[in-house]
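Here's the structure we're looking at; comments come further down.
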Amino acid sequence: MFSIKLDVPSELSIPLSVSGYNREKLTEEAKHLLAVSLFKRNALSLGQAAKLAELHLWDFIQLLNQHGIVIAEYDDEEIQQELKTVESLLKK
């Protein structure tokens, strides 16, 4: 594991504190936002990003949803293939 240091200017400590931020909350939010950003850029897979965010997979999916990020994008051909697969499985 490696660490990343984030320096926050001291003059921001009061406004952040008033907004309810402490060191732990800032660290958690920074991890979440970094994981969301790296997932969105396809730098990390869904599972990898969830691990970086230190969230269970389902919780990370909900976080992505809050940021308006879809976890999978299908084109029309892929959707049709998936529907055919489901249809054939239902017939069995």
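Quick notes on this structure:
- Scope the range 66-92; condition modelled with pLDDT of 95 or more and of a type in the set (D, E, K, R); matching residues: none
- Within the range 40-92, restricting attention to residues that are more than 23 Å from ILE4 (Cα to Cα) and among the basic types (Lys, Arg), the residue that is surrounded by the fewest Cβ atoms within 10 Å (Cβ to Cβ) is LYS92.
- SER37 vs. criteria without any contact (Cβ under 8 Å) to a residue 40 or more places away in the chain, surrounded by 13 or more Cβ atoms within 10 Å (Cβ to Cβ) and not basic (Lys, Arg): yes
- Checked against the criteria, LEU63 counts as at pLDDT 90 or above, in a helix (DSSP H, G or I) and among the hydrophobic types (A, V, I, L, M, F, W, C).
The values are calculated or read from the model by the stated rules, or taken from the named source; none is laboratory data. Just so it is clear, the model here is predicted, and its values are computed rather than measured. Note that each Cβ is placed from the backbone with ideal geometry, even for glycine, and that neighbours are counted across all protein chains shown.
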